[in-house]
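This report refers to the structure that appears directly beneath it.
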Amino acid sequence: MSFINVEIKARCNHPEKIRAYLQSHHASFKGLDIQTDTYFNVFQGRLKLREGNIENNLIYYERSNEAGPKDSHFQLIKIADAKGIKNVLTKTNGIKTIVNKKREIYYMENVKFHIDEVLNLGSFVEIEAGNMLADLTRDQLKTQCDYYLSEFEILDTDLIHISYSDMLLNLS
């Protein structure tokens, strides 16, 4: 099944402030996920296998590289045999890069929040307003992202336009 998110990613100089906001607004805390995202070589979009103690998914997505709220069209498949899938995709596609992170996962209705600590990159916050749980238009999803950008006092200069995988590849 295919869904749309409007999402932002930003450097986070104050994760404790965002955490306190989410807790004081009764966000549902899903836990701390220790994640390994293996990105595979593909002709179009991005394909990653997420292995974590909470989330284990194969995710294909297409998203433009621009700062601020952006559309992300994705397909997500829950994975029971991550090792087997990783083996096949490594042999057929090759590994592009691997992202290791600690991710705090929160929800407020249809909006998912991540407070991430990414190995070799630092601290980030992600806001994902999606239509997976609610029948909302793209404009309504963008309005939600804009609201939390303001609430979290995220500056335009903190917005990230590329994925963690691209950031790590740029370090090479």
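Each value in this text was obtained by applying a stated rule to the coordinates, not by laboratory testing. Note that this is a predicted model, so its numbers are computed, not measured. Here the Cβ is made from the backbone with ideal geometry for all residues, glycine too, and neighbour counts use every protein chain on show.
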(request) Place a +1 charge on the Cβ of each Lys and Arg in the stretch 96-157 and a -1 charge on the Cβ of each Asp and Glu, then give the dipole magnitude about the Cα centre in debye, rounded to the nearest 20. (result) 380
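Any idea what diffusion coefficient the chain gets from Stokes-Einstein, in µm²/s, Kirkwood Rh on alpha carbon pairs, 20 °C, 1.002 mPa s?
It diffuses with D of about 130 µm²/s by this estimate.
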(message) With the crude spin-label approximation of a point 7 Å out along Cα→Cβ, what separation in nm comes out for residue 117 versus residue 135?
(response) 4.2
(message) Sort 98-111, 40-53, 74-87 by packing, meaning the average of other beta carbons within 10 Å per residue, with the highest value first.
(response) 98-111, 40-53, 74-87
(request) Count the net charge of all other residues whose Cβ sits under 14 Å from the Cβ of residue 136, scoring Lys and Arg as +1 and Asp and Glu as -1. (result) -4
(request) Kindly provide log₁₀ I(q)/I(0) values, in the same order as q = 0.16 Å⁻¹, from the Debye equation applied to equal alpha-carbon scatterers of the stretch 14-81. (result) -0.79
(request) Rounded to the nearest 10 degrees, what's the angle between the helix 15-24 long axis and the longest principal axis of the chain, both from Cα atoms, 0 to 90? (result) 60
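Distance check, please: which entries in 112/142; 86/112; 102/142 exceed 23 angstrom between their Cα atoms?
Too far apart for the 23 Å limit: 86/112; 102/142.
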(message) Below 8 Å, C-alpha to C-alpha, sequence gap of six or more: please give me the relative contact order for the chain in percent.
(response) 32
(message) Quick check: pseudo-label points 7 Å beyond the Cα along Cα→Cβ at residue 107 and residue 26, how many nm apart are they?
(response) 1.6
